[in-house]
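**Student:** One structure, as C-alpha coordinates, below. Some questions next.
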Amino acid sequence: MDTHFTLNNGVTIPAIGYGTWQIENGPAAIETIAEAIRTGYRHIDTAACYGNEKSVGAAIASCGIDRRQLFVTSKVWNTERGYDSTLRAFDRSLNDLGLNYLDLYLIHWPASPHRFSDWQQINASTWRAMERLLRNGLVRAIGVSNFMPQHLAALLSTAAVTPAVNQIEFHPGYRQAECVAYCRELGILVEAWSPLGRGKVLEHETIAALARHYSKTPAQICLRWILQQGILPLPKSVTPSRMKTNLDLTGFELSAEDMQRLTAISYCGASGLHPDSVDF
Ligand code: A2P
(Lines give C-alpha, C1' and ligand atoms only; values in the text may rest on other atoms or scores of the structure.)
Protein backbone atom coordinates (compact mmCIF):
# COMPACT_ATOMS: atom_id res chain seq x y z
CA MET A 1 0.00 0.00 0.00
CA ASP A 2 1.55 3.29 -1.09
CA THR A 3 1.80 6.06 1.45
CA HIS A 4 0.78 8.60 -1.21
CA PHE A 5 -1.54 8.95 -4.16
CA THR A 6 -0.49 10.89 -7.26
CA LEU A 7 -2.99 13.43 -8.55
CA ASN A 8 -3.73 13.90 -12.25
CA ASN A 9 -1.31 16.85 -12.36
CA GLY A 10 1.58 14.88 -10.84
CA VAL A 11 1.30 16.32 -7.31
CA THR A 12 1.58 13.66 -4.58
CA ILE A 13 -0.84 13.61 -1.66
CA PRO A 14 -0.51 11.64 1.61
CA ALA A 15 -2.92 8.70 1.36
CA ILE A 16 -4.67 9.37 4.68
CA GLY A 17 -5.82 12.85 5.66
CA TYR A 18 -6.85 14.26 9.01
CA GLY A 19 -10.43 15.57 8.83
CA THR A 20 -11.20 18.64 10.94
CA TRP A 21 -14.95 19.06 10.45
CA GLN A 22 -16.66 19.96 13.77
CA ILE A 23 -13.39 20.78 15.50
CA GLU A 24 -14.28 24.19 16.87
CA ASN A 25 -11.79 27.04 16.62
CA GLY A 26 -9.90 27.75 19.84
CA PRO A 27 -7.08 26.57 22.10
CA ALA A 28 -8.44 23.01 22.32
CA ALA A 29 -8.56 22.81 18.51
CA ILE A 30 -4.97 24.01 18.20
CA GLU A 31 -3.86 21.32 20.64
CA THR A 32 -5.93 18.60 18.91
CA ILE A 33 -4.55 19.43 15.47
CA ALA A 34 -1.02 19.73 16.84
CA GLU A 35 -1.49 16.27 18.39
CA ALA A 36 -2.58 14.93 15.00
CA ILE A 37 0.58 16.31 13.41
CA ARG A 38 2.70 14.83 16.22
CA THR A 39 0.96 11.50 15.67
CA GLY A 40 2.15 11.56 12.07
CA TYR A 41 -0.64 13.11 9.98
CA ARG A 42 0.88 15.21 7.22
CA HIS A 43 -2.33 15.88 5.33
CA ILE A 44 -4.88 18.17 6.97
CA ASP A 45 -8.32 18.82 5.53
CA THR A 46 -10.14 21.98 6.57
CA ALA A 47 -12.65 24.40 5.03
CA ALA A 48 -13.66 28.01 5.49
CA CYS A 49 -17.07 26.91 6.73
CA TYR A 50 -15.59 24.73 9.49
CA GLY A 51 -14.55 28.00 11.15
CA ASN A 52 -11.27 26.49 12.35
CA GLU A 53 -8.71 27.66 9.79
CA LYS A 54 -7.03 29.92 12.35
CA SER A 55 -6.55 26.95 14.69
CA VAL A 56 -5.23 24.79 11.87
CA GLY A 57 -2.81 27.60 10.99
CA ALA A 58 -1.68 28.03 14.59
CA ALA A 59 -1.05 24.29 14.93
CA ILE A 60 0.96 24.28 11.70
CA ALA A 61 2.95 27.33 12.76
CA SER A 62 3.94 25.75 16.06
CA CYS A 63 4.50 22.14 14.98
CA GLY A 64 8.10 22.48 13.86
CA ILE A 65 7.48 20.50 10.65
CA ASP A 66 8.69 22.00 7.38
CA ARG A 67 5.69 23.46 5.54
CA ARG A 68 6.65 21.45 2.42
CA GLN A 69 6.19 18.23 4.39
CA LEU A 70 2.55 19.11 5.03
CA PHE A 71 -0.39 18.89 2.64
CA VAL A 72 -3.11 21.41 3.45
CA THR A 73 -6.57 21.49 1.86
CA SER A 74 -9.27 24.11 2.24
CA LYS A 75 -12.57 24.79 0.47
CA VAL A 76 -14.55 27.73 -0.81
CA TRP A 77 -17.94 27.96 0.91
CA ASN A 78 -21.31 28.17 -0.88
CA THR A 79 -21.91 31.85 -0.10
CA GLU A 80 -18.68 32.74 -1.95
CA ARG A 81 -19.43 31.14 -5.31
CA GLY A 82 -18.52 33.09 -8.45
CA TYR A 83 -15.24 34.43 -9.82
CA ASP A 84 -14.47 37.47 -7.66
CA SER A 85 -15.84 36.17 -4.39
CA THR A 86 -13.95 32.89 -4.77
CA LEU A 87 -10.70 34.81 -5.18
CA ARG A 88 -11.53 36.86 -2.09
CA ALA A 89 -12.51 33.76 -0.11
CA PHE A 90 -9.21 32.14 -1.02
CA ASP A 91 -7.29 35.16 0.26
CA ARG A 92 -9.19 35.01 3.54
CA SER A 93 -8.50 31.31 3.97
CA LEU A 94 -4.82 31.75 3.21
CA ASN A 95 -4.64 34.63 5.66
CA ASP A 96 -6.51 32.75 8.41
CA LEU A 97 -4.25 29.75 7.89
CA GLY A 98 -1.17 31.99 7.93
CA LEU A 99 0.16 30.29 4.79
CA ASN A 100 1.43 31.57 1.46
CA TYR A 101 0.09 28.70 -0.62
CA LEU A 102 -2.36 25.81 -0.28
CA ASP A 103 -1.78 22.30 -1.55
CA LEU A 104 -5.38 21.76 -2.59
CA TYR A 105 -8.39 24.05 -2.87
CA LEU A 106 -11.87 22.65 -3.44
CA ILE A 107 -15.33 23.96 -4.32
CA HIS A 108 -17.14 22.77 -1.17
CA TRP A 109 -20.56 22.08 -2.78
CA PRO A 110 -21.78 22.55 -6.34
CA ALA A 111 -24.53 25.01 -7.13
CA SER A 112 -27.35 22.59 -7.96
CA PRO A 113 -30.39 22.82 -10.26
CA HIS A 114 -32.92 22.59 -7.40
CA ARG A 115 -31.71 25.98 -6.13
CA PHE A 116 -30.26 27.82 -9.12
CA SER A 117 -31.52 28.01 -12.69
CA ASP A 118 -28.02 29.16 -13.76
CA TRP A 119 -26.16 26.53 -11.71
CA GLN A 120 -23.84 25.60 -14.60
CA GLN A 121 -22.67 29.20 -15.03
CA ILE A 122 -22.17 29.65 -11.27
CA ASN A 123 -19.99 26.55 -11.03
CA ALA A 124 -18.12 27.49 -14.20
CA SER A 125 -17.23 30.96 -12.92
CA THR A 126 -16.16 29.60 -9.52
CA TRP A 127 -13.97 27.12 -11.38
CA ARG A 128 -12.39 29.84 -13.52
CA ALA A 129 -11.22 31.49 -10.30
CA MET A 130 -9.81 28.17 -9.08
CA GLU A 131 -7.93 27.80 -12.38
CA ARG A 132 -6.49 31.28 -11.93
CA LEU A 133 -5.25 30.42 -8.41
CA LEU A 134 -3.59 27.33 -9.86
CA ARG A 135 -1.98 29.29 -12.72
CA ASN A 136 -0.68 31.87 -10.28
CA GLY A 137 0.98 29.20 -8.13
CA LEU A 138 -1.11 29.95 -5.04
CA VAL A 139 -2.38 26.39 -4.91
CA ARG A 140 -0.75 23.17 -6.13
CA ALA A 141 -3.97 21.43 -7.15
CA ILE A 142 -7.66 22.27 -7.48
CA GLY A 143 -10.73 20.11 -7.16
CA VAL A 144 -14.33 19.83 -6.09
CA SER A 145 -16.39 18.30 -3.32
CA ASN A 146 -19.86 16.78 -3.33
CA PHE A 147 -20.03 16.95 -7.13
CA MET A 148 -22.25 14.29 -8.69
CA PRO A 149 -21.72 13.16 -12.32
CA GLN A 150 -24.13 15.77 -13.69
CA HIS A 151 -22.22 18.59 -11.95
CA LEU A 152 -18.89 17.25 -13.13
CA ALA A 153 -20.06 16.78 -16.72
CA ALA A 154 -21.35 20.35 -16.86
CA LEU A 155 -18.16 21.71 -15.32
CA LEU A 156 -15.97 19.84 -17.78
CA SER A 157 -17.82 21.35 -20.74
CA THR A 158 -16.12 24.70 -19.97
CA ALA A 159 -13.17 23.78 -17.73
CA ALA A 160 -9.58 24.17 -18.92
CA VAL A 161 -8.32 22.04 -16.00
CA THR A 162 -9.90 18.73 -14.94
CA PRO A 163 -10.44 18.65 -11.16
CA ALA A 164 -7.72 16.65 -9.40
CA VAL A 165 -10.05 15.53 -6.59
CA ASN A 166 -13.72 15.02 -5.77
CA GLN A 167 -14.34 14.77 -2.02
CA ILE A 168 -17.62 12.96 -1.33
CA GLU A 169 -19.28 11.09 1.52
CA PHE A 170 -18.07 7.50 1.28
CA HIS A 171 -18.10 4.67 3.83
CA PRO A 172 -19.48 1.16 4.21
CA GLY A 173 -23.23 1.52 3.77
CA TYR A 174 -22.88 4.57 1.50
CA ARG A 175 -20.67 4.10 -1.54
CA GLN A 176 -22.02 6.47 -4.21
CA ALA A 177 -20.77 3.88 -6.72
CA GLU A 178 -21.89 5.69 -9.85
CA CYS A 179 -20.08 8.87 -8.85
CA VAL A 180 -16.91 6.97 -7.92
CA ALA A 181 -16.91 5.12 -11.28
CA TYR A 182 -17.37 8.40 -13.14
CA CYS A 183 -14.47 10.05 -11.27
CA ARG A 184 -12.23 7.07 -12.02
CA GLU A 185 -12.99 7.33 -15.74
CA LEU A 186 -11.91 10.95 -15.64
CA GLY A 187 -8.76 10.36 -13.55
CA ILE A 188 -10.19 12.29 -10.60
CA LEU A 189 -9.07 11.02 -7.17
CA VAL A 190 -11.99 10.37 -4.83
CA GLU A 191 -11.55 11.47 -1.22
CA ALA A 192 -13.90 10.03 1.40
CA TRP A 193 -15.46 12.39 3.94
CA SER A 194 -16.99 10.75 7.00
CA PRO A 195 -15.17 7.50 6.14
CA LEU A 196 -16.49 6.04 9.42
CA GLY A 197 -20.03 7.23 8.79
CA ARG A 198 -19.45 9.66 11.69
CA GLY A 199 -18.77 6.61 13.84
CA LYS A 200 -22.23 5.20 13.16
CA VAL A 201 -21.18 2.19 11.07
CA LEU A 202 -18.54 0.90 13.45
CA GLU A 203 -20.91 -1.40 15.32
CA HIS A 204 -22.23 -3.02 12.16
CA GLU A 205 -21.94 -6.78 12.69
CA THR A 206 -19.98 -7.41 9.48
CA ILE A 207 -17.42 -4.76 10.40
CA ALA A 208 -17.22 -5.95 14.02
CA ALA A 209 -16.68 -9.57 12.87
CA LEU A 210 -13.93 -8.56 10.44
CA ALA A 211 -12.27 -6.46 13.13
CA ARG A 212 -12.08 -9.57 15.33
CA HIS A 213 -10.85 -11.70 12.43
CA TYR A 214 -7.99 -9.32 11.49
CA SER A 215 -7.31 -8.20 15.10
CA LYS A 216 -7.89 -4.59 14.04
CA THR A 217 -10.32 -1.91 15.15
CA PRO A 218 -13.60 -1.52 13.24
CA ALA A 219 -12.35 1.90 12.08
CA GLN A 220 -9.18 0.35 10.65
CA ILE A 221 -11.33 -2.14 8.72
CA CYS A 222 -13.41 0.69 7.19
CA LEU A 223 -10.38 2.79 6.34
CA ARG A 224 -8.45 -0.09 4.84
CA TRP A 225 -11.49 -1.03 2.70
CA ILE A 226 -11.51 2.54 1.40
CA LEU A 227 -7.76 2.65 0.67
CA GLN A 228 -7.81 -0.71 -1.11
CA GLN A 229 -10.28 0.81 -3.58
CA GLY A 230 -7.85 3.62 -4.39
CA ILE A 231 -9.90 6.14 -2.40
CA LEU A 232 -8.36 8.55 0.10
CA PRO A 233 -9.98 8.53 3.57
CA LEU A 234 -10.23 11.63 5.79
CA PRO A 235 -11.00 10.23 9.26
CA LYS A 236 -11.70 12.70 12.02
CA SER A 237 -10.97 12.03 15.66
CA VAL A 238 -10.13 14.24 18.62
CA THR A 239 -9.03 11.18 20.62
CA PRO A 240 -5.25 10.60 20.50
CA SER A 241 -5.43 6.79 20.63
CA ARG A 242 -7.93 6.77 17.74
CA MET A 243 -5.89 9.28 15.75
CA LYS A 244 -3.00 6.84 16.01
CA THR A 245 -4.82 3.65 15.02
CA ASN A 246 -6.72 5.42 12.21
CA LEU A 247 -3.34 6.26 10.67
CA ASP A 248 -1.95 2.76 11.09
CA LEU A 249 -3.37 0.89 8.12
CA THR A 250 -0.36 -1.04 6.87
CA GLY A 251 0.70 -4.59 7.71
CA PHE A 252 -2.62 -6.20 6.83
CA GLU A 253 -4.72 -6.63 3.73
CA LEU A 254 -8.43 -7.38 3.40
CA SER A 255 -9.05 -10.41 1.19
CA ALA A 256 -11.15 -10.03 -1.96
CA GLU A 257 -14.04 -11.85 -0.21
CA ASP A 258 -13.90 -9.56 2.81
CA MET A 259 -13.72 -6.48 0.56
CA GLN A 260 -16.88 -7.76 -1.09
CA ARG A 261 -18.57 -8.37 2.28
CA LEU A 262 -17.98 -4.75 3.20
CA THR A 263 -19.12 -3.53 -0.20
CA ALA A 264 -22.35 -5.50 0.22
CA ILE A 265 -23.34 -3.72 3.44
CA SER A 266 -26.67 -2.11 2.73
CA TYR A 267 -27.52 1.58 3.17
CA CYS A 268 -26.54 2.80 6.64
CA GLY A 269 -24.80 5.62 8.42
CA ALA A 270 -25.38 8.19 5.67
CA SER A 271 -25.53 11.86 6.64
CA GLY A 272 -28.47 12.60 4.35
CA LEU A 273 -26.54 15.55 2.93
CA HIS A 274 -26.81 15.42 -0.86
CA PRO A 275 -26.11 18.23 -3.35
CA ASP A 276 -29.50 17.79 -4.98
CA SER A 277 -31.38 18.41 -1.75
CA VAL A 278 -29.28 20.48 0.68
CA ASP A 279 -30.68 23.91 1.47
CA PHE A 280 -27.33 25.67 1.84
P1 A2P B 1 -13.87 11.24 18.41
O2 A2P B 1 -13.54 12.47 17.58
O3 A2P B 1 -14.55 11.60 19.69
O4 A2P B 1 -12.69 10.34 18.59
P5 A2P B 1 -16.03 10.41 10.51
O6 A2P B 1 -14.56 10.60 10.29
O7 A2P B 1 -16.64 9.34 9.70
O8 A2P B 1 -16.80 11.72 10.36
O9 A2P B 1 -16.23 9.94 12.03
C10 A2P B 1 -15.90 10.78 13.10
C11 A2P B 1 -16.52 10.24 14.37
O12 A2P B 1 -16.05 8.91 14.60
C13 A2P B 1 -16.16 11.05 15.58
O14 A2P B 1 -17.30 11.05 16.41
C15 A2P B 1 -15.02 10.26 16.21
O16 A2P B 1 -15.01 10.43 17.61
C17 A2P B 1 -15.37 8.85 15.85
N18 A2P B 1 -14.18 8.02 15.65
C19 A2P B 1 -13.07 8.36 14.97
N20 A2P B 1 -12.17 7.36 14.97
C21 A2P B 1 -12.72 6.37 15.70
C22 A2P B 1 -12.26 5.09 16.09
N23 A2P B 1 -11.07 4.64 15.73
N24 A2P B 1 -13.09 4.33 16.86
C25 A2P B 1 -14.31 4.79 17.23
N26 A2P B 1 -14.80 5.99 16.88
C27 A2P B 1 -14.00 6.78 16.13
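The values are calculated or read from the model by the stated rules, or taken from the named source; none is laboratory data. The structure presented is a predicted model; accordingly, all values stated were derived computationally and were not measured. We place every Cβ from the backbone using ideal geometry, glycine too, and count neighbours over all the protein chains shown. Just the protein is used for accessible areas: all its heavy atoms, side chains included, with ligands, DNA and RNA removed. Shrake-Rupley method; radii C 1.70, N 1.55, O 1.52, S 1.80 Å.
**Student:** When ranked by the protection proxy of mean other Cβ atoms within 10 Å per residue, highest first, what sequence do the peptides 202-212, 257-267 form?
**Tutor:** In descending order of packing, they fall as 202-212, 257-267.
**Student:** Note down the magnitude of the dipole of the stretch 164-262 about its Cα centre, charges +1 on Lys and Arg C-beta and -1 on Asp and Glu C-beta and zero elsewhere, to the nearest 20 debye.
**Tutor:** 340
**Student:** With each label point set 7 Å from Cα along the Cα-Cβ vector, what nm distance links Ser215 and Ser241?
**Tutor:** 1.8
**Student:** For His4 and Gln121 in the same chain, what is the full-extension length gain: residue separation times 0.36 nm, less their Cα-Cα distance, in nm?
**Tutor:** That pair, His4 and Gln121, stretches by 38.7 nm at full extension.
**Student:** Going by Cα centres, the stretch 254-280 and the stretch 49-79 are how many Å apart?
**Tutor:** Result: 28 Å between the Cα centres.
**Student:** Which of the peptides 226-237, 151-162, 102-113, 117-128 is most tightly packed, and how do the rest follow, judged by the mean count of other Cβ atoms within 10 Å per residue?
**Tutor:** 102-113, 226-237, 117-128, 151-162
**Student:** Assigning unit charges at the beta carbon (Lys, Arg +1; Asp, Glu -1) and nothing else, what dipole magnitude in debye, to the nearest 20, does the chain show about its Cα centre?
**Tutor:** 340
**Student:** If you don't mind, there's one more thing I want to ask. So for the chain, averaging the separation of alpha carbon pairs under 8 Å that are six or more residues apart and normalising by length, what relative contact order in percent results?
**Tutor:** Dividing the mean separation by the residue count of the chain yields 18 percent.
**Student:** Looking at the stretch 17-117, which GluC sites (Glu not before Pro) are in a loop (DSSP not H, G, I, E or B) and have at most 12 other Cβ atoms within 10 Å?
**Tutor:** Those satisfying the criteria are Glu24.
**Student:** To continue, here is another question. So, counting K/R as plus one and D/E as minus one, what does the shell of residues with Cβ under 12 Å around Pro235 add up to?
**Tutor:** Summing Lys/Arg as +1 and Asp/Glu as -1 gives +2.
**Student:** Continuing with this model, one more query. Which is farthest toward the positive dipole end of the chain among Trp127, Val11, Leu254, measuring Cα position about the Cα centre, with Cβ charges +1 (Lys, Arg) and -1 (Asp, Glu)?
**Tutor:** Val11
**Student:** For the chain, give the share of DSSP beta bridges that are antiparallel, in percent and rounded to the nearest 5; count only bridges with both residues there.
**Tutor:** Expressed as a percentage, antiparallel bridges in the chain total about 15.
**Student:** Relative contact order of the stretch 18-160, please, whole-number percent, based on alpha carbon pairs below 8 angstrom and at least 6 residues apart.
**Tutor:** Normalised by residue count, the contact order of the stretch 18-160 is 21 percent.
**Student:** Within the set of other residues whose C-beta is less than 15 Å from the C-beta of Gly199, count the net charge using Lys and Arg as +1 and Asp and Glu as -1.
**Tutor:** +2
**Student:** Quick one: how many Å² of Asp248 are accessible to a 1.4 Å probe, rounded to 10?
**Tutor:** It works out to around 70 Å².
**Student:** Report, for the stretch 137-232, the % of DSSP beta bridges that are antiparallel, rounded to 5.
**Tutor:** 10
**Student:** Then there's this: Note down the net charge around Asn95, summing +1 for each Lys or Arg and -1 for each Asp or Glu among other residues with Cβ under 11 Å from its Cβ.
**Tutor:** 0
**Student:** Helix-only estimate, please: 222 nm mean residue ellipticity of the chain, summing -39500 (n - 2.57) across DSSP H runs of length 4 or more and dividing by its residues, to the nearest 500.
**Tutor:** The helix contribution divided over the chain gives -12000 deg cm²/dmol.
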